[in-house]
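Right, one structure below, let's go through it.
The values are calculated or read from the model by the stated rules, or taken from the named source; none is laboratory data. Only a predicted model underlies this, so the values are computations on that prediction, with no experimental measurement involved. All Cβ positions, even for glycine, are placed from backbone atoms using ideal geometry, and neighbour counts span all protein chains on display. These area figures cover heavy atoms from the full protein model, side chains too; ligands, DNA and RNA do not enter into them. Shrake-Rupley method; radii C 1.70, N 1.55, O 1.52, S 1.80 Å.
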Amino acid sequence: MQVSNQINQGKAMQPPKAAQALTPEHLRRTCDPSTIKMPKTADIEMSQELIGQNRAINAIELAVSSHHRDFNVFVQGKPGSGRHSAIQRSLDQHAQNCAVPDDWVYVNNFDMPDRPRALRLPPGVGLELKHAMESLVDDLANDIPALFESEEYQAQRHAIERRYTEEHETAMSALNDKARAKDTAILRTPMGVAVAATRNGEVIEPKDYEALPAGEQEEIKATVTEIQQELEAIMADAPRSERAQRKEIRDLNAAMMTSGVEERIGEIASSFDGVTGIATYLEEVRADVADNADLFLMAAMERRNGNFPLATTKHYEDPRFQRYLVAVMVSHRRDDESGAPVVVEDFPTLANLIGRIEHSQEMGALLTDFTMIKPGALHRANGGFLVLDARQVLSEPFAWETLKRCLKSEAISIISVGEKLSLATTTSLSPDPIPLNVRVILIGERLLYHLLVKFDPDFSNLFKIQADFSDEIPISDINLSDYVHLIVSLGQGAGLLPLDEAATARLIEESARLAEDAERLTLNLGRLSDILKEADYQARTLAKTTIQAIDIDGSIGAAESRAGRIRDLSEEQILRGSKKIATDGDAIGQINALSVIDLGSTRFGQPSRITARVRMGAGKVVDIEREVELGGPLHSKGVMILSGFLSAHYAQDLPISLWASIAFEQSYGGVDGDSASAAELFALLSALSDLPIDQSYAVTGSVNQFGEVQAIGGVNEKIEGFFDICAARGLTGRQGVLIPLANVKNLALRDRVIDAVKRDKFRIIPLETIDQGISILTGRAAGRRDEQGAYAEDTVNGLVERKLQRFAEQRRKFGGPSDVASASGKEKTS
C-alpha cells in the first residue's frame with residue numbers, strides 16, 4: 001500500500017503572508033483520495049503495532065523484560081491513544097515466554113489456628129491438593145464411623161472394659177468375703193458404701209451394740225475400721241483404673257484410626273511425592289484426625305438421626321471438617337500455554353488488591369477461618385503482570401500505600417480497612433505473608449505522573465520506567481501509509497464496512513484537526529474509532545456496502561450536533577441581543593475577542609466583547625477581571641504585559657500617566673489564558689488614539705512586550721464560533737478573524753467557513769505584529785518612528801503617543817514635578 005504525501009500540493013502552495021487574507025488552500029490541508037491505494041479490507045492484516053509510539057513501546061518492552069523488581073512502569077498519555085491495547089498486546093506476547101508461576105494455598109495451622117500457613121506448590125498442584133483433601137474428608141467421614149462400629153473394634157473395646165470391670169469386681173468380692181468372715185458387711189446406701197458389723201448375718205443395731213461389753217465393742221470397731229480402710233483403698237484406686245481404661249481405649253482408637261487413616265493419607269502423600277511441604281502437612285493432618293475421631297463419630301450420628309444419605313453427603317462442607325481443607329489463593333494449569341498471568345484490575349480497592357478475610361455470622365458473633373481467605377489481584381498476578389489505572393488506585397482509601405508496601409516488602413500481607421483504622425473488634429486471622437514477584441503497570445495522565453514524582457518519595461524508586469505515548473505524529477509518506485493501514489485495521493477490528501479512498505482521505509483530514517496541527521495526525525484512536533463506528537451506522541442505514549466521505553462528514557456533524565446544546569444556547573443569547581456582540585459598524589475602545597469553552601466531551605468558540613477606557617492617572621492598567629478575582633494568573637500576566645508594551649513603545653522620556661481599565665463585558669465566570677491579550681491591547685490602543693475599531697472583525701492571539709502576536713490554542717473553534725454568528729446575521733464580505741501567523745499551520749476549518757472564504761464572504765487574516773493588526777482594525781497606518789524618533793501625527797502610534805504625552809503634561813500641572821518624578825519611579829530629592 002502506497003500513500004503519497006500530496007496534501008494540498010504542498011510544494012506549489014504559497015506560504016501565508018502576514019496581514020493578507022488567507023486563501024482557501026491555507027484553511028485546511030486536504031488529502032487527495034487518488035493518492036491512496038487501498039487493497040480490499042479482507043486482504044489487510046490487522047495492524048498489531050501502534051505507529052509513532054516507538055519510544056513508549058520500547059519502554060514497555062524494557063519494563064516487562066527486565067528482571068529487576070523495581071522496574072515497574074508508569075504509562076503516560078491521553079485516553080484513546082491506544083495505551084491499554086498496546087500494553088495488553090505486549091504483555092500477552094511476553095507472558096507466553098515466561099514460566100508458569102507456582103500455586104499458593106493456605107492450610108490450617110493446627111497449633112495456632114489464627115495463623116494459617118501458606119504453602120508454595122508447583123503449578124496445578126494447589127487445586128489437586130484441594131480436591132484430594134475434600135475427598136479425604138468425605139472418605140474418612142464414611143470410613144471412621146464404620147471402623148468404630150466394626151466387630152473387631154467392639155470386641156477389643158469390650159475386652160478392655162470387661163477386664164477393668166472384672167478387676168474391680170474381684171477386689172470387691174474378695175473384700176466382701178473377708179468382711180463376712182469377720183462378721184462385717186459392705187452395704188450400699190443412698191449416701192454411698194458403708195461397712196457395718198453383723199451377727200448371725202444381720203446388722204447389729206446401735207442399741208444392741210451399746211449393750212455389748214466394752215472389749216467386744218473395741219474388737220468390732222477394729223474390724224470395721226480395717227474393712228473400711230481396705231474399701232477406701234479399693235475405691236481410691238477406681239479413678240486410676242478408669243484413667244488407665246480410658247488410655248487403653250484411646251490407644252485402641254488411635255490404633256484403629258492409624259489402621260484406617262494411615263492408608264488413605266498415605267495414598268494422598270504418594271500422589272504428591274516430592275512436593276515440598278505436603279508430606280509435613282499431611283502428617284499434621286493425620287495426627288489431628290487421630291486426636292479428633294469424635295468429630296467424625298458425632299457427625300455420623302447426627303446424619304443418621306437426620307436421615308441424611310451417607311453416600312451422597314459432601315462431608316467437607318460440614319464446618320467441623322473445614323479444618324482439613326485447603327484454601328487455594330491462586331492456581332495455574334500445568335500445561336498453561338499463556339505462561340505468566342496478565343491481570344487487569346479495573347476496581348483496585350484495598351480488598352481487591354491484596355485480598356480479604358470474610359466472616360460468617362453465627363449466634364450474633366462474627367466467625368472466620370482460613371477457608372474464608374479470598375485472593376486479590378496481587379495474588380492472581382504473582383509471577384506475572386498487573387495492570388492498574390493510576391487515578392483509580394490513588395482514589396481508593398489505603399490502596400496506594402498498601403500497593404507500595406507490598407512492592408517494597410516483596411510480600412502480600414492481608415489486612416482490612418477496619419484493622420487499618422483500628423476499628424475491627426472481631427476475631428480475625430493473621431495469615432502468613434505470601435512472597436510477591438510481580439511487575440506493575442500503572443496507566444495515567446502526564447500530570448499525575450509528575451505530581452507523583454514531586455510529592456511521593458517512594459514513587460520514583462518503585463516505578464523507574466516511564467512509557468510516554470505521543471498524542472500525534474508528523475505527516476510524512478511513511479507515516480501516511482502506516483496511518484491508512486491503521487485506519488483500515490480499526491474498521492476491520494470493529495467489524496465495520498470497508499472504507500473507500502475518499503472516506504479514508506476525509507478521516508485523515510479530520511485527524512489533522514483533532515491534532516490541532518495541519519502538519520500532524522492525531523493518535524487518539526478512540527476518537528477515530530468512534531467516528532468510524534457512527535459512519536458505519538449511517539452507511540448501513542442507507543444500505544451501502546462501503547463507508548464514504550459523506551458518511552464520515554455525517555458522523556462528525558452528528559457528534560457535534562448532539563453535544564451542541566450549550567453552544568446553541570450561547571449563540572442564541574448573542575443573536576437575540578441578550579449578549580452584546582457587534583459584527584458590523586465600528587466603536588472606540590471596543591473589540592471582539594475569541595475564547596474556547598471546553599466542556600470535556602465538546603468544545604466550541606465563543607466571541608466576547610472587550611472594552612477599554614482611559615484617562616489621566618498614575619500609570620496603572622486596571623484588569624477588572626483580576627480585581628474581582630475572576631481572572632486567572634495567565635490572564636493577569638497578559639494584562640501586565642500590556643503595561644510593559646506601552647511603557648517601552650510610547651513617550652519613553654516621560655512617566656506613563658495613564659489610568660486604563662479593561663473588561664470582558666457580560667462575563668460572569670472565570671477568565672484565564674492570555675489568548676485575548678492582543679485584543680485587549682487593540683482595544684486599549686483604540687481608546688488612546690480615539691480611532692474606532694471595525695466591529696466586523698474578531699481577534700485572537702497573545703502578545704509579548706515587543707508587540708509580536710503569538711500563537712494560541714483552539715484557533716479552529718474560535719474562528720468557527722465567530723463565523724457562525726456572522727453567518728446567522730448575514731455575511732457582508734467585510735467580516736473576518738485576525739489570528740497569529742504562527743497558527744496558520746493549525747487550521748483545519750469546516751467546509752462552511754472554507755466555502756464562505758471562497759465566495760469572498762469571510763476573511764481570515766494572519767498577524768505577526770500588533771502594528772499590522774491595529775492598521776487593519778482602524779483603517780489607519782500604525783506608523784513608524786522617523787529619524788528624529790517621532791511618529792507621524794496621523795498614525796495610530798502617533799495619536800497614542802500624543803495622548804500619553806498630554807496625560808503626562810496634565811498630570812505634571814495637576815500634581816507638580818515631584819509627583820511626576822515619583823510616578824516615574826524616581827526618589828524625591830531635596
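Please report the base-10 log of the normalised intensity I(q)/I(0) for the stretch 218-301, using a Debye sum with one equal scatterer per alpha carbon and no solvent, at each q in 0.12, 0.26 (1/Å).
Rounded to two decimals, the profile gives -0.57, -1.17.
Under the Karplus relation 6.51 cos²θ - 1.76 cosθ + 1.60, θ = phi - 60°, what is the ordered set of whole-Hz ³J(HN,Hα) values for the stretch 186-194, x standing for Gly and Pro?
Karplus-based 3J(HN,Hα) across the stretch 186-194 equals 9, 10, 9, 10, x, 8, x, 10, 9 Hz.
What does the highest-first list of 478-485, 696-703 look like by mean Cβ count within 10 Å?
Going by the mean number of other Cβ atoms within 10 Å, highest first, we get 696-703, 478-485.
With axes computed from alpha carbons, what is the tilt in degrees of helix 278-291 against the longest principal axis of the chain, rounded to the nearest 10 within 0 to 90?
That works out to roughly 40 degrees.
Given the peptides 598-604, 200-206, arrange them by the average over their residues of other C-beta atoms within 10 Å, most packed first.
Taking the mean over residues of other Cβ atoms within 10 Å, the ranking is 598-604, 200-206.
Holding the Cα-Cα limit at 28 Å, pick out from K580/K813; K78/K580; K78/K579; K247/K314; K579/K718; K78/K404 the pairs that are longer than that.
K580/K813; K78/K580; K78/K579; K247/K314
Report, in debye and to the nearest 20, how large the dipole of the chain comes out about its Cα centre when Lys and Arg carry +1 and Asp and Glu carry -1 on their Cβ.
My answer is approximately 5180 debye.
Using alpha carbons only, how many angstrom separate the centre of the stretch 429-485 from the centre of the stretch 82-110?
The stretch 429-485 and the stretch 82-110 have Cα centres separated by 18 Å.
Please report Rg over Rh for the chain, where both radii come from the alpha carbon positions and Rh follows the Kirkwood definition.
Radius of gyration relative to Kirkwood radius: 1.31.
Once neighbouring chains are kept in place and the probe is 1.4 Å, which whole percent of the accessible area of the stretch 69-214 is contributed by carbon and sulfur?
After summing per-atom areas, the C and S share lands at 50 percent.
Relative contact order for the stretch 318-420 using alpha-carbon pairs under 8 Å, separation at least 6, rounded to a whole percent?
Rounded, it is 34 percent for the stretch 318-420.
Could you go through the stretch 439-449 in sequence order and give the Karplus-derived ³J(HN,Hα) for each residue, using 6.51 cos²θ - 1.76 cosθ + 1.60 with θ = phi - 60°, rounded to whole Hz, and x for Gly and Pro?
After applying 6.51 cos²θ - 1.76 cosθ + 1.60, I find 10, 9, 10, 9, 10, x, 7, 5, 4, 4, 4 Hz.
How big is the gap, in Å, between the Cα center of the stretch 545-577 and the Cα center of the stretch 123-156?
73 Å
Enumerate the calculated ³J(HN,Hα) couplings along the stretch 386-391 in order (Karplus 6.51 cos²θ - 1.76 cosθ + 1.60, θ = phi - 60°), each rounded to whole Hz, writing x wherever the residue is Gly or Pro.
Here the 3J(HN,Hα) series is 10, 10, 9, 7, 4, 5 Hz.
Considering amide H positions built from the backbone, and no H for Pro or chain starts, which residues 5 or more places from T184, or on another chain, come under 5 Å of its amide H?
T198
Carbon and sulfur atoms: what percent of the 1.4 Å accessible area of the stretch 426-559 do they account for?
The nonpolar share, carbon plus sulfur, comes to 53 percent.
With a probe of 1.4 Å, find how much accessible area the stretch 179-274 has per residue, and write the answer as a whole number in Å².
66 Å²
Using a/c under 1.5 as the rounded threshold, could you call the stretch 336-391 rounded, prolate or oblate? The axes a ≥ b ≥ c are square roots of the C-alpha gyration tensor eigenvalues, and prolate needs a/b larger than b/c, oblate otherwise.
Here the stretch 336-391 falls in the oblate category.
Which value, in nm² and rounded to one decimal, describes the direction-averaged projected area of the C-alpha convex hull of the stretch 518-632?
Result: 12.4 nm².
With every protein chain present, what accessible area does W659 have (1.4 Å probe, heavy atoms only), rounded to the nearest 10 Å²?
Per-residue accessible area (W659): approximately 90 Å².
For the chain, take the longest principal axis of its alpha carbons; what is the angle in degrees between that and the long axis of helix 501-514, to the nearest 10 within 0 to 90?
90 degrees
Pairs of Cα atoms under 8 Å, at least six residues apart: use those to get the relative contact order of the stretch 692-756, whole percent.
Once normalised by length, the contact order is 42 percent.
Per-residue accessible area for S430 at 1.4 Å probe radius, Å² rounded to 10?
Around 50 Å² of this residue is reachable by solvent.
For the chain, calculate the relative contact order in percent as a whole number, restricting contacts to Cα pairs under 8 Å that are 6 or more residues apart.
16 percent
Which percentage, to the nearest 5, of the DSSP beta bridges contained in the chain is antiparallel?
Of the beta bridges lying entirely in the chain, close to 60 percent run antiparallel.
Would you work out which of V100, Y153, P122 lies farthest towards the positive end of the dipole of the stretch 78-160? Charges go on Cβ: Lys and Arg +1, Asp and Glu -1.
Of the options given, the answer is V100.
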